[in-house]
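The values are calculated or read from the model by the stated rules, or taken from the named source; none is laboratory data. Keep in mind the model is a prediction, meaning the values are calculated, not measured. Note that we place each Cβ from the backbone using ideal geometry, even for glycine, and neighbour counts take in every protein chain shown. All accessible areas refer to the heavy atoms of the entire protein, side chains included, with ligands and DNA or RNA removed. Shrake-Rupley method; radii C 1.70, N 1.55, O 1.52, S 1.80 Å.
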Amino acid sequence: MHPFSYTKVSDLAGALAAGRRGGRYLAGGTMLVDLMRESVERPSVLVDISALPLGEITATAGGGLRIGALVRMAEAAAHPSVRAAFPVISQALESSASAQLRNMATIGGNIMQRTRCPYFRDVTAACNKREPGAGCAALGGFNRAHAILGASEHCAATHPSDVAVAFAALEANVHLLGPDGERSVALADFLLPPGGTPQREQAARPGELITAVEIPAHPRPLRSGYLKVRDRQSYEFALTSAAVALHLRDGVIHQAKVAAGGVGTVPWKLPAVERLLIGERPSQALWAEAAERAADGARPLEHNRFKIELLKRTVERQLRVVGDLAGGTA
Amino acid sequence: MASEPPGSRVPLGAEPASLFSRRTFIATATAVTVGGVAVASDVVPEPSPQATGAPVSGRVSLVVNGEGRTATIDNRTSLLDLLRERFGLTGTKKGCDAGACGACTVLVDGRRVNACLTLAVRLEGAEVTTIEGLAPGGDDELHPLQQAFIEQDAFQCGYCTPGQIMSGIGCIQEGHTRSPGEIREWMSGNICRCGCYVNIVKAVEQAAGTT
Ligand SMILES: Cc1cc2nc3c(=O)[nH]c(=O)nc-3n(C[C@H](O)[C@H](O)[C@H](O)COP(=O)(O)OP(=O)(O)OC[C@H]3O[C@@H](n4cnc5c(N)ncnc54)[C@H](O)[C@@H]3O)c2cc1C
Ligand code: FES
Ligand code: FES
């Protein structure tokens, strides 16, 4: 590990000042300490932000929720408002990492997390994310876990977060505070596909601090849930996952929000699936027909072709689970 | 005043393993030394904080198993290395050093966490409980979960056991013991190479019923 100096800040102004001088924010540390130990990350100044007042979950006026960046994954998952309004968030969090890690890791750190691509984590392998221009060892290497959606010729690493998939489905916004003040960015614009700059993974500007993730209001009742498919049943990243939220009125689907994880370079929203659902009455045939579009545009690599079929089945299953809750299917 | 056992007087920088990963080292033909710090030659270091005069070590005072402790540490020191290498508390085990096995599980301010991913310098004023803190009176007064591990035959080699027990205490406190399935899921952050899972679940179930 590269040596670093350590400073703990107690207010937002202090954090921004330290960030402006090039300090790296440290929240739960579960990603940053790990990558520093592997020499993948080599910050020279760590700015401990854990004492900042960003640890609250509050209801917004319209019926949405604002989750502070420093809320721990365990706290967010267990919070009564989250469980009541957006079970998909709780389920995504509780299927992430382990109980110990969720006690440490924060919501802000979670959406900022970098890929788990083994070539990215191995400083002896070629990786354009770690070292722009070095090449991508995954494209011609072992790429079973890699993305089938959103890859470029420079990078096919997946975004590993589960809760970001739930946030993407629910069209969450990321609140940021920087030297130029506050701004809010849709999560869909915040997490960047690799394109020609795989080293740039988030739209955060230098020194910007995430203050919260906000879930907008959705019509109620909203039924939602998360399904994660992986090589072992727990304590493992997704091969495929699906976040589904449905609002039915008089037996008809009025709103459908669907996103997939484990398959994209960013959490992958599925508008084609959503469009097929809206205005329809739930049925097994509808779930199957909509899920058939889940892998639209997929470009598999040598070892991950199975994800196309697995993704469709994951989405179909979760549409059925949430759809049955939301009003029952014939 | 906080006590500092003899083992804690190890000079700074006495943690060569943490300077760079073994993989980096092996893959690198030569290593150069910059400002007293070995740096693999294929790694372009950011400007060293030493060059800017910012300290790369600090002093931390914390409570471990009820006892106040103070140590001057390199900022890179994990809680796991502080416990094992400086305080001589080797009950807490190092498996992966990457959050992926749970062998290093301890309680920090009452919550179960991975000591390998916890930087010790952050723990000013924290209360840490390790496996050594569960039965301060000795083997005659084991913690109910320790006793349950023995009665349920919940280990073979025992390497994962301190982490399993600390995690089990967290699991019971959190209330995630309503069924064997729930215990399995909420204990999944602890890997057992010997495959004692069935009996580990039974031990947690037993202790949950008695505590
Ligand atoms: C073994 C293991 C298994 C895992 N499994 C899963 C899984 O199944 N699903 C899943 O989703 N995740 C998983 N994770 C990842 C884990 O969820 C992340 O490591 C964690 O969420 C990161 O949060 P943190 O608070 O610890 O971040 P840190 O490590 O403190 O920081 C991460 C990054 O975010 C930046 N950052 C943190 N907070 C802010 C902020 N407020 N503003 C701006 N920048 C910030 C930091 O500078 C750093 O770059 C796993 C991790 C491990 C080690
Ligand atoms: S040593 Fe900490 S989780 Fe494996
Ligand atoms: S008892 Fe051997 S690893 Fe668990």
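Determine, yes or no, whether A:Arg114 is closer than 24 Å to B:Leu119 by Cβ, away from chain B (no Cβ under 13 Å) and assigned to a loop (DSSP other than H, G, I, E, B). For A:Arg114, the condition - closer than 24 Å to B:Leu119 by Cβ, away from chain B (no Cβ under 13 Å) and assigned to a loop (DSSP other than H, G, I, E, B) - is met. Elements of the type strands (runs of 3 or more DSSP E) sitting completely within the stretch B:33-117 and holding at least 2 residues that are modelled with pLDDT of 95 or more: these cover B:57-64, B:67-74, B:105-108, B:111-114. Residue selection: B:Gly66 satisfies the criterion of being in contact (Cβ under 8 Å) with a residue 12 or more places away in the chain, more than 16 Å from ligand 3 (Cβ to nearest atom) and surrounded by fewer than 17 Cβ atoms within 10 Å (Cβ to Cβ). Of everything in the stretch A:169-189 that is of a type in the set (Gly, Ala, Ser) and open to solvent by 20 Å² or more (accessible area, probe 1.4 Å), the residue that is farthest from A:Ala76 (Cα to Cα) is A:Gly181. Exactly one residue out of B:Gly168, B:Gly209, B:Gly137, B:Gly195 is part of a helix (DSSP H, G or I), without any contact (Cβ under 8 Å) to a residue 40 or more places away in the chain and open to solvent by 20 Å² or more (accessible area, probe 1.4 Å): that is B:Gly209. Taking the stretch A:117-130 as the range and being in contact (Cβ under 8 Å) with a residue 40 or more places away in the chain, in contact with a Cys (Cβ under 7 Å, 6 or more places away or on another chain) and not in a helix (DSSP H, G or I) as the test, the residues that pass are A:Asn128, A:Lys129.
Selection of the stretch B:78-120 for residues being small (Gly, Ala, Ser) and free of Cβ contacts under 8 Å to residues at least 40 places away in the same chain yields B:Ala98, B:Gly99, B:Ala115.
Under the condition of being in contact with an Asp or Glu (Cβ under 6 Å, 6 or more places away or on another chain) and within 13 Å of ligand 3 (Cβ to nearest atom), the residues counted in the stretch B:165-211 number 1. Of the residues A:Glu274, A:Glu236, the single one that is part of a loop (DSSP other than H, G, I, E, B), under 21 Å from the mean Cα position of the chain (by Cα) and free of Cβ contacts under 8 Å to residues at least 24 places away in the same chain is A:Glu236. Looking at B:Gly158, B:Gly163, which is the one that is at positive phi and not basic (Lys, Arg)? Matching residue, one of B:Gly158, B:Gly163: B:Gly158.
Per-residue answers, yes or no, for (1) polar (S, T, N, Q); (2) buried (at least 23 other Cβ atoms within 10 Å of the Cβ); (3) under 26 Å from A:Arg102 (Cβ atoms):
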residue	(1), (2), (3)
A:His218	no, no, yes
A:Arg232	no, no, yes
A:Ala288	no, no, no
A:Glu302	no, no, no
A:Arg305	no, no, no
A:Val322	no, yes, yes
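Among residues that are within 16 Å of ligand 1 (Cβ to nearest atom) and under 30 Å from A:Arg116 (Cα atoms), B:Cys101 is included.
When B:Ala115 is tested against (1) within 16 Å of ligand 2 (Cβ to nearest atom); (2) more than 9 Å from chain A (Cβ to nearest Cβ); (3) among the small types (Gly, Ala, Ser); (4) open to solvent by 20 Å² or more (accessible area, probe 1.4 Å), only condition (4) is not met. Across the stretch B:148-192, the number of residues qualifying as within 16 Å of ligand 1 (Cβ to nearest atom) and under 18 Å from B:Arg111 (Cα atoms) comes to 8.
Here A:Gly133 meets the list (1) surrounded by 19 or more Cβ atoms within 10 Å (Cβ to Cβ); (2) in a loop (DSSP other than H, G, I, E, B); (3) within 14 Å of chain B (Cβ to nearest Cβ) almost entirely, failing just condition (1).
The condition of being under 18 Å from B:Ser78 (Cβ atoms) and either in contact with a Pro (Cβ under 6 Å, 6 or more places away or on another chain) or β-branched (Val, Ile, Thr) (or both) holds for only one of B:Ile183, B:Ile131, that being B:Ile131.
Taking the numbered list (1) outside the structural domain of B:Gly175 (by TED's automatic domain parsing); (2) in contact with an Asp or Glu (Cβ under 9 Å, 6 or more places away or on another chain) in turn, B:Ala148 passes all entries but (1).
Residues in the stretch A:13-51 that are in contact with a Gly (Cβ under 9 Å, 6 or more places away or on another chain) and part of a loop (DSSP other than H, G, I, E, B): A:Arg21, A:Gly22, A:Gly23, A:Ala27, A:Gly28, A:Gly29, A:Thr30, A:Met31, A:Pro43, A:Ser44, A:Ile49, A:Ser50. The sole residue among B:Gly168, B:Gly110, B:Gly195 that is closer than 23 Å to B:Arg86 by Cα and either of a type outside the set (Asp, Glu) or more than 21 Å from the chain's Cα centre (by Cα) (or both) is B:Gly110. Only one entry in A:Thr115, A:Thr124, A:Thr211 is under 13 Å from the mean Cα position of the chain (by Cα), away from ligand 2 (no atom under 16 Å from the Cβ) and hydroxyl-bearing (Ser, Thr, Tyr), namely A:Thr115.
Can B:Asp109 be described as away from ligand 2 (no atom under 13 Å from the Cβ) and on the phi > 0 side of the Ramachandran plot? So B:Asp109 fits the description; yes.
Being under 21 Å from B:Gly189 (Cα atoms), within 14 Å of chain B (Cβ to nearest Cβ) and in contact with a His (Cβ under 9 Å, 6 or more places away or on another chain) is a property that does not hold for A:Ser95.
Among the residues of the stretch A:24-51, just one is more than 22 Å from the chain's Cα centre (by Cα), more than 9 Å from every other protein chain (Cβ to nearest Cβ) and open to solvent by 10 Å² or more (accessible area, probe 1.4 Å), namely A:Ala51.
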